[in-house]
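J.: Submitted below is the structure of interest, expressed as structure tokens.
We did not get these values from a lab; they are worked out from the coordinates using the rules stated. Keep in mind that what you see is a predicted model, and the values were worked out from it rather than measured. Backbone-built Cβ (ideal geometry, glycine too); neighbour counts: all protein chains shown.
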Amino acid sequence: YRARLLQLKDLPTKTKDGKQVELAANIGTPKDLAGVIKNGGEGIGLYRTEFLYMDRTSLPTEEEQFEAYKTVLEGMEGKPVVIRTLDIGGDKEIPYLNLPKEMNPFLGYRALRICLDKKEIFKTQLRALLRASVYGNLKIMYPMVSALEEVRQANEVLEEVKRELDNEGIPYSKNFEVGIMIEIPTAALISDILAKEVDFFSIGTNDLIQYSTAVDRMNQTIAHLYSPYHPGVLRMIKMVIDNGHKEGIWVGMCGEAAGELPLIPLFLGMGLDEFSMSATSILPARELISKLTLDQVKEIAEKALSLSTAAEIEQYLKSIVE
Ligand code: PEP
Ligand code: MG
């Protein structure tokens, strides 16, 4: 089986009838690149930059960040690399920032909310990203967007950073994309509006499930309620893909669900353009996709969306991949 999978390593990901999609990888540090290349990743769909800020006693400098981003962009040799701006808070604490203790950290001062408030931290990261952009195919992604104003404010900071680099004569790519994660229900619900302001969406199912079903993603006691098969979650995912496509932007997914085999035919049938997963899931996903036709997956999506419970949907989709 392993040998058969490895034959797919350098091939594009296509359905049996030739529809191409991108299978990308999630990474946490430049060290993860080797695994991505070994497993035939067609890009990086999510580089979680917060690890640069964790397990240390002060903020990473612009130079340190620049080196990390450059390494990843160069290592991917022109393939797309989605780098997510700082997503701390929630379960990811950074002691040296002395952030206030909160009752509900997952609903609190975190991610883009911190970046728009502590603009110097955000600007340092954006400068490092822009400087690195000349070394590959960079796509910048903002996490935890809940409203249009946040995207506009983040883009204003980005414009400010561009002006500064222009004044200093420092080069950066003029055509990198800027996108957002869709991981908060209000963002999914206004995805028609958000799609007009950005170049792409990446659906973060880990948080989208947590926030839409009100089930803490870390809580073992209620883990049975945390499901990507929930029909409400799936309706939102479909809505986001449709709204993105109506505005002509591409839509990916970088939550764990993107690499879950039974869900892949469904998301393919909904028209998802990019799947980002842990590197070891890529080849099995590529093999599965190569056995399916577009007509088949559209039918699978229609049928799955007509069912009423997570259990029924899960059972149906699992019966297909078996
Ligand atoms: C997500 O929320 O689905 C996601 C990919 O981001 P993280 O797991 O880092 O919160
Ligand atoms: Mg998230």
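J.: How large is the charge dipole for the stretch 65-183, taken about the Cα centre, if only the Cβ atoms of Lys, Arg (+1) and Asp, Glu (-1) carry charge, to the nearest 20 debye?
T.: Numbers: 17 positive and 19 negative charges, 18 e Å.
With Lys and Arg at +1 and Asp and Glu at -1, about 80 debye.
J.: When the chain is modelled as a GNM with alpha-carbon springs shorter than 10 Å, which of Leu52, Leu99, Leu288 fluctuates the most?
T.: So, out of Leu52, Leu99, Leu288, the one fluctuating most is Leu99.
J.: Taking the chain as a Gaussian network, where each spring joins two C-alpha atoms under 10 Å apart, which residue of Ile203, Ile182, Ile114 fluctuates the most?
T.: Ile114
J.: Right, another one. Top mean-square fluctuation among Leu272, Leu138, Leu148, Gaussian network model of the chain, C-alpha springs under 10 Å?
T.: Residue with maximal mean-square fluctuation among Leu272, Leu138, Leu148: Leu148.
J.: Pairs to check: Lys119/Lys162; Lys246/Lys298; Lys38/Lys123; Lys70/Lys246; Lys9/Lys246; Lys14/Lys79. Give those whose C-alpha atoms are more than 22 Å from each other in this structure. Working shown, then result.
T.: Working: Lys119/Lys162 15 Å; Lys246/Lys298 18 Å; Lys38/Lys123 34 Å; Lys70/Lys246 33 Å; Lys9/Lys246 33 Å; Lys14/Lys79 17 Å.
Cα-Cα > 22 Å for Lys38/Lys123; Lys70/Lys246; Lys9/Lys246; rest within.
J.: Of Leu208, Met141, Ile170, whose Cα points farthest to the positive end of the dipole of the stretch 132-289 (charges on the beta-carbon: +1 Lys, Arg; -1 Asp, Glu; origin at the Cα centre)?
T.: Positive-most Cα among the choices belongs to Leu208.
J.: Just want the answer: with Cβ charges of +1 for Lys and Arg and -1 for Asp and Glu, which residue in Pro95, Met54, Asn39 is farthest toward the dipole's positive end in the stretch 1-131?
T.: Asn39
J.: Expressed as an acute angle from 0 to 90° and rounded to the nearest 10, what is the orientation of the C-alpha long axis of helix 119-132 relative to the principal long axis of the chain?
T.: Between helix and principal axis, roughly 70 degrees.
J.: Please sort by residue number the GluC sites (Glu not before Pro) in the stretch 87-178 whose DSSP state is loop and whose Cβ has at most 16 other Cβ atoms within 10 Å. Intermediate values should be presented prior to the final figure.
T.: Details: sites: Glu93, Glu102, Glu120, Glu149, Glu150, Glu156, Glu159, Glu160, Glu164, Glu168, Glu177; in loops: Glu93, Glu102.
Here the sparse-neighbourhood loop sites are Glu93, Glu102.
J.: Given Cβ point charges of +1 (Lys, Arg) and -1 (Asp, Glu) and nothing else, what value in debye, to the nearest 20, does the dipole of the chain about its Cα centre take? Display every interim value, and only then the final one.
T.: Numbers: 37 positive and 47 negative charges, 124 e Å.
Dipole magnitude for the chain comes out near 600 debye.
J.: Compute the long axis of helix 294-306 from its Cα atoms, compare it with the longest principal axis of the Cα atoms of the chain, and write down the angle in degrees, 0 to 90, nearest 10.
T.: 90
J.: For the stretch 71-115 and the stretch 222-298, what is the separation of their C-alpha centers, rounded to whole Å?
T.: Cα centres, the stretch 71-115 to the stretch 222-298: 24 Å.
J.: Only four residue types carry charge here, +1 at the Cβ of Lys and Arg and -1 at the Cβ of Asp and Glu. Report the dipole size of the stretch 125-202 about the Cα centre in Debye, rounded to the nearest 20. If you can, show how the numbers build up before the last one.
T.: Values: 8 positive and 13 negative charges, 55 e Å.
With only Lys, Arg, Asp and Glu charged at Cβ, the dipole is about 260 debye.
J.: Give the angle, between 0 and 90 degrees and rounded to the nearest 10, that separates the Cα long axis of helix 148-168 from the longest principal axis of the Cα atoms of the chain.
T.: 50
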